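What follows is a single structure, written as structure tokens, with notes after it.
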Amino acid sequence: MSQQEYGANNIKVLKGLEAVRKRPGMYIGDTNTNGLHHLVYEVVDNSIDEAMAGYCKNIKITMTKDHWIKVEDDGRGIPTAIHEGEGISAATVVLTVLHAGGKFDKDTYKVSGGLHGVGISVVNALSKHLKMTIYREGKIHYQEFKCGIPQGPLEIIGDSPRKTGTTIEFLADDSIFEVTRYEFAVLAKRFREVAYLNSFISITLDNEITKTKEVYHFEGGIKQFVEDLNKDTAICDAVSFNDNIDGVEVDIAVMYNDTYVEKTLSFVNNIRTIDGGTHEAGFKAGLTRSIVKYLNENGAAREKDTKITGDDVREGLIAVVSVKVPEPQFEGQTKSKLGSSYVKPITQKLTGDALDKYFEENPQQAKAIMEKALMAARGREAAKKARDLTRKKDAMTVGTLPGKLAECQSKDPAIRELYLVEGDSAGGSAKQGRDRVFQAILPLKGKILNVEKSRLDKILKSDEIRNMITALGCGIGEDFDEEKIRYHKIIIMTDADVDGSHIQTLLLTFFFRFLRPVVEKGYLYIAQPPLYRYKKGKNETYLKDNTALSNFLIENGLESFTFEGLGYNDLLDLFKIVSKYRAMLEQLGKRYSLLEVLKHLIENSDLVNLDFASLYEKIKTFLDDKGYNILSKTVLEDKIQLFVQTNEGLEELIIDDELFASPYFSEASYIFNKLSERDLSVFEGRDLLDILDEIETLAKKGAYIQRYKGLGEMNPEQLWETTMIPDNRRLLRVKIEDAEIASDTFTLFMGDEVEPRRNYIEEHAKDVEHLDV
């Protein structure tokens, strides 16, 4: 074997923005949804910096129908004069040179969200097309870029006697990004936060696709922020304070509610630091010191004897910590954690001083907070006693493990697996079907306690939870030690019905609230038992979901079909796409009546661009041809509502912008357009959906297809083959992509407040795909 040469020619130099296009993840984290939205943040952050410098009051972000993003501000406008060092316009330098910008000059921006000077140039590099318009010094300047490359010099295209600012429009490069569709809710969350942090800014987010527009402007600032974050019963008023030391400005708002969950949001120069950092650590230290100090000076003798910890004072806390730092040191380009060590003592001192004064001036509010901390401390002490029941002298000693646990033989946590199985019946099958060397089984009887509504001391009185903690071996609360965890795969295995989903959610809530490091380490999984069993003759196949079943039927049914000019693989590829098209239509059919009309609109895209009055005439013609009668009609500028007598009965048809903006309508249109690009003449005008039905019907002939509802329907051998054998099984690893959203979701579904949960269910009821009751 010849050795591959490695010489000077193997060293590649990536010039300009090539490095960004080659390794985008280094600059924006990933090329999926997070990275895509990060592009928008980078552009808007520049406008926010202008606002913080006092030159911008209005920012507008527009999501266009063709998936462009447009960001407009009324700041000073990017400088347009020729840059001495580069010999081209300064604006062009900012868009095409990494580490170029106004963030390195302390006089331009005293504080800035941008740090490395790579933001806008990275957006340019990762955009298929970008347009820059600058209103500055009485002129309108314009320049276009493609894949980061200027398509011409910056040129003056008109006059602007009064308007100043910058407009950036960009189209993310779909050859780099896995997804190119922005989520309004994700952007709204970010920009709503920024508006709270800067009460003088007005931010408009406009979605042209759904015709949704929201304006974020909050005069109350971060005090209003914590009040709006609170979804439960407050035990004290919100308090906010602002001060600065050595150029570091600290802005903090605090309140408490009657829950057991802490919610602290921290920001540096308007950038959300999801992993915290020195500013958040300083705030927490100052909060703890101030509360302990007040208790020592004002508490009763019995209260003074109670030891208060940081966890105790943060139970039920809602806080926003925002700091402005001249030259922040972040850990990583995505700025998720502040590393500047000098910020901690500043934040700690300002927090302690402000709260000391507040407690002294507001004794009633202080008393409520102290009682909350004392209750948490007493609960922690009770939990400590309860935890003693779950301790084992030796992590691998079987004698102290729960009686229901079927332990495995291996002693290596890296290969050991623990199945948390719903019910004794399925647990029995799993025990018989498992591989005893590395798979342990712990059956769970019924539904475990809803930990969202309980403190740890009550939780530890639950037999099922104590059994889990003992089996895991890592302890809980103050005793938690991730090094002692006995299994590196913890697999939740429940039935595919409502009860199974509820048990799964209860377990996820428990792990998220009390054993989050287990989730963060990637040790928690959800088993995905097959949904279908296909049996024909002696052949038996298990299929995980509807898509897998459809693909399997297509593969088998096509063996008996021939179409001149198209081979088996071509047909297989084509009809898998047709199956996806059908799936999108089925989703639309759950939400809207008269699917045949919607299908007609999708397959005749020119109709969508008509005004509603003209569109009504086209729909009327279509319905007349079908022999359907329109009994009543309402045709408005933005909506068509018809009551139609069909062969099946009376149907209500609604056509509006919400329909056209539906992800299912958009996806169905996209798939149909892809199908239309193919040469389908071999099918002689037949509907591909009808042919797909014929193919699947043929595959079903003589076959038995069983849809599983519970694990108990499988015998031990089936359970092993489908759900437990590593080579065949399908596991979903549980990840926490956004801890705040996850926390809010658990609060919504598992908390005490009924009304928000009811509203959510009513709004999303039609999104349910499988409902087994």
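Among residues of segment 631-642 that are assigned by TED's automatic domain parsing to the domain that holds S593 and modelled with pLDDT of 90 or more, those with a Cβ under 9 angstrom from a residue that is assigned to a loop (DSSP other than H, G, I, E, B) and of a type outside the set (F, W, Y), sequence gap 6+ or separate chain, pair up as L642/L594.
Applying the criterion of at least 3 residues that are modelled with pLDDT of 85 or more to the helices (runs of 4 or more DSSP H) found wholly in segment 8-115 leaves 33-52, 90-96. Any chance segment 428-443 includes a residue that's under 30 Å from D312 (Cα atoms) and either in contact with a Lys or Arg (Cβ under 9 Å, 6 or more places away or on another chain) or surrounded by fewer than 18 Cβ atoms within 10 Å (Cβ to Cβ) (or both)? Within segment 428-443 (the criterion being under 30 Å from D312 (Cα atoms) and either in contact with a Lys or Arg (Cβ under 9 Å, 6 or more places away or on another chain) or surrounded by fewer than 18 Cβ atoms within 10 Å (Cβ to Cβ) (or both)), the answer is no, since none of the residues qualifies.
Among the residues of segment 272-281, none qualifies, meaning not one is more than 29 Å from the chain's Cα centre (by Cα) and over 20 Å from K357 (Cα atoms). Can you confirm whether V323 is among the aliphatic types (A, V, I, L, M), closer than 25 Å to F191 by Cα and assigned by TED's automatic domain parsing to the domain that holds A368? Judged against the criteria, V323 is a match. Please find, among Y664, Y704, the residue that is among the hydroxyl-bearing types (S, T, Y) and either in contact with a Pro (Cβ under 9 Å, 6 or more places away or on another chain) or surrounded by 15 or more Cβ atoms within 10 Å (Cβ to Cβ) (or both). Among Y664, Y704, only Y664 is among the hydroxyl-bearing types (S, T, Y) and either in contact with a Pro (Cβ under 9 Å, 6 or more places away or on another chain) or surrounded by 15 or more Cβ atoms within 10 Å (Cβ to Cβ) (or both). Summed over segment 275-312, residues that are at pLDDT below 85 and aliphatic (A, V, I, L, M) total 2. Residues of segment 602-625 that are of a type in the set (D, E, K, R) and either closer than 26 Å to E667 by Cα or part of a loop (DSSP other than H, G, I, E, B) (or both): E603, D606, D611, E617, K618, K620. Is there a residue being surrounded by fewer than 17 Cβ atoms within 10 Å (Cβ to Cβ), of a type in the set (V, I, T) and assigned by TED's automatic domain parsing to the domain that holds D74 anywhere in segment 128-147? Taking every residue of segment 128-147 in turn, none turns out to be surrounded by fewer than 17 Cβ atoms within 10 Å (Cβ to Cβ), of a type in the set (V, I, T) and assigned by TED's automatic domain parsing to the domain that holds D74. Within segment 537-588, the set of residues being more than 23 Å from A668 (Cβ to Cβ) and either assigned to a strand (DSSP E or B) or among the basic types (K, R) (or both) comprises K538, N539, E540, T541, Y542, L543, K544, F563, L566. G557 passes all but one of (1) touching a helix residue (DSSP H, G or I) at 6+ places or on another chain (Cβ under 6 Å); (2) more than 30 Å from M714 (Cα to Cα); (3) crowded, with 16+ Cβ neighbours inside 10 Å; (4) not β-branched (V, I, T); which number fails? It is condition (2) that G557 fails.
Looking at D481, is it under 21 Å from L719 (Cα atoms), surrounded by fewer than 21 Cβ atoms within 10 Å (Cβ to Cβ) and not hydroxyl-bearing (S, T, Y)? Criteria not met by D481.
With respect to the conditions (1) out of contact with any His (no Cβ under 6 Å at 6 or more places or on another chain); (2) over 21 Å from V261 (Cβ atoms); (3) not hydroxyl-bearing (S, T, Y), A373 lacks only one, and its number is (2). For segment 507-520, check the following and say yes or no: at least one residue is over 24 Å from N450 (Cα atoms) and not in a helix (DSSP H, G or I). Within segment 507-520 (the criterion being over 24 Å from N450 (Cα atoms) and not in a helix (DSSP H, G or I)), the answer is no, since none of the residues qualifies.
Does at least one position in segment 316-337 carry a residue that is touching a Phe, Trp or Tyr at 6+ places or on another chain (Cβ under 8 Å), more than 17 Å from D275 (Cα to Cα) and in contact (Cβ under 8 Å) with a residue 12 or more places away in the chain? Scanning segment 316-337 turns up at least one residue that is touching a Phe, Trp or Tyr at 6+ places or on another chain (Cβ under 8 Å), more than 17 Å from D275 (Cα to Cα) and in contact (Cβ under 8 Å) with a residue 12 or more places away in the chain. A single member of D275, D251, D305 is touching a helix residue (DSSP H, G or I) at 6+ places or on another chain (Cβ under 7 Å) and either of a type in the set (D, E) or free of Cβ contacts under 8 Å to residues at least 60 places away in the same chain (or both), and it is D251.
The values are calculated or read from the model by the stated rules, or taken from the named source; none is laboratory data. Everything numeric in this text was worked out from a predicted model, so none of it was measured. Cβ sites come from the backbone with ideal geometry, for glycine too, and all protein chains shown count toward neighbours.
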